[in-house]
Every structure is written in C-alpha cells, then in structure tokens.
Amino acid sequence: MSDEDDLEDFEPDLDGLEREDDEKETEEWEDYRKEGEDSEEWMSTPLTEDVMKEGLSVLCKTGNGLAHAYVKLEVKDRDLTDIHLLRSYIHLRYVDVSKNHLTDLSPLNYLTHLLWLKADGNRLRSARLNELPYLQIASFAYNQITDTEGISHPRLASLDLKGDQRCWLQDRRLPVGGAHTPSSGDRGRFLLPQTGFITAL
C-alpha cells in the first residue's frame, strides 16, 4: 500500500482531540478561579491612561473617515476592577479584558462600534449590556454568570459562556440568532444565525 493510500485511510479523531483540549483548558481556568477565590479581597485597580497606552493598537479611520483612532485594546491579566475609562474610547472595535476582576461591564455600552469582545475569567454575574449594533463575537467564559438576560445584539454570531455556573434552564432563550448550534458540542458555546431565537442548554 502506498503512502498516499495510508494518508487517505487515516482519519484523525478530531473530536477526541478537541475534547482533550477543552478539558485541559477547563482545568487551567478552574485553577485560576480557585486562586482568585482563595485570595483576599482584591484592591481597587481602575484602568488608567498608562495601561490604555500599552494596550492600544491598530490605527484605523473613524466612522466618518475624517480622523484616525486606535480600535483594538488588550488589557488582559492586569488585576483590573474598574474599566470606567473606556467610556471615553468610543471608537474601539476589539476589546480583550479577560483574566481581571471585573464585576461590571457597563462602560462598554459607550462603545457603539464594538465588533469583538472577550471578557473571560472575570467575576461577572451578568453579561447585561445595552444593544450593541455591530457586536458579532462575545465571550464571557469562566465567570459566574447564571442567566442570559441583557444579551441582545442584532449581529451577534458567536457567544461563549463555557465554564460559567451550571444554572442554565432548558427553556432559556436568547433574543439573538436562530437554531441552537453549539460549536464542537461544547456546553455553553453557541454559533448564532442572524434571525430568530436559540435555546441555551
């Protein structure tokens, strides 16, 4: 049998590999969460201009095309407890605030051009935000979120709630997307078509 035949007959167990990766990722996040729970109360650490300058990147034209602004911010793992400063950065489109100690994302309501949001590994009990007209991808994995209220964004195509508290109701519906289509079979991760509802399992 030729090498080409061997390659044709070889079918890797991708589902098994993905499950192993997910299990490893879950264990790492659980260790991270336990460290946070075992620590003393976190000191107030607001987002500052200096941290903003370090985390900003990708210079683009603003909506009207008459000016330029940075549209990407990465401030993960900075022990942040407050992102109030983001209210002034209205042109941001990509924001990563994962691995901090945030309990409130309301400053993001001012980012009406936001396309992509990652807020994994914080202390969020809710993912509630005002309707963001352009938000397409949102990840709130490994928080303490117990419901889907306030997740209502017309263009949302991918939502990750993996690792949040196991309090999902079988009939809980999200006011975005269509049929329920979990990626890789993951509980809490959804790919959302653009119309109708999906059911969160």
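The values are calculated or read from the model by the stated rules, or taken from the named source; none is laboratory data. Because the structure is predicted, anything quoted here is derived from the model rather than measured. Positions of Cβ are generated from backbone atoms using ideal geometry, with glycine treated the same way; all protein chains shown enter the neighbour counts. Note: accessible area is taken over every heavy atom of the protein model, side chains too, but ligands, DNA and RNA are not part of it. Shrake-Rupley method; radii C 1.70, N 1.55, O 1.52, S 1.80 Å.
When the stretch 105-149 is examined, which residues are found to be among the aromatic types (Phe, Trp, Tyr) and within 16 Å of Arg93 (Cα to Cα)? Passing the criteria: Tyr110, Trp116, Tyr134. Scanning the stretch 79-94 for residues that are in contact with a helix residue (DSSP H, G or I) (Cβ under 6 Å, 6 or more places away or on another chain) and over 23 Å from Gln136 (Cβ atoms) turns up just one, His84.
Within the stretch 65-91, residues that are under 14 Å from His113 (Cβ atoms) and in contact (Cβ under 8 Å) with a residue 40 or more places away in the chain reach partners that are open to solvent by less than 60 Å² (accessible area, probe 1.4 Å) and outside any strand (DSSP E or B) with beta carbons closer than 7 Å, at six or more positions or on different chains, in the pairs Val71/Leu92.
Residues in the stretch 142-159 that are modelled with pLDDT of 90 or more and at negative phi: Asn143, Gln144, Ile145, Ile151, Ser152, His153, Pro154, Arg155, Leu156, Ala157, Ser158, Leu159.
Could you check Arg189 against (1) at pLDDT below 50; (2) open to solvent by less than 70 Å² (accessible area, probe 1.4 Å) and say which number it fails? Unmet for Arg189, out of (1) at pLDDT below 50; (2) open to solvent by less than 70 Å² (accessible area, probe 1.4 Å): (1). Taking first residues from the stretch 123-150 that are free of Cβ contacts under 8 Å to residues at least 60 places away in the same chain and over 14 Å from Ser106 (Cβ atoms) and partners that are among the small types (Gly, Ala, Ser) and not in a loop (DSSP other than H, G, I, E, B), the Cβ contacts under 9 Å between residues at least 6 apart in sequence or on separate chains come to Gln136/Ser158; Ile137/Ser158; Ala138/Ser158; Ser139/Ser158. Of all the residues in the stretch 61-107, those that are basic (Lys, Arg) and touching a Leu at 6+ places or on another chain (Cβ under 6 Å) number 1.
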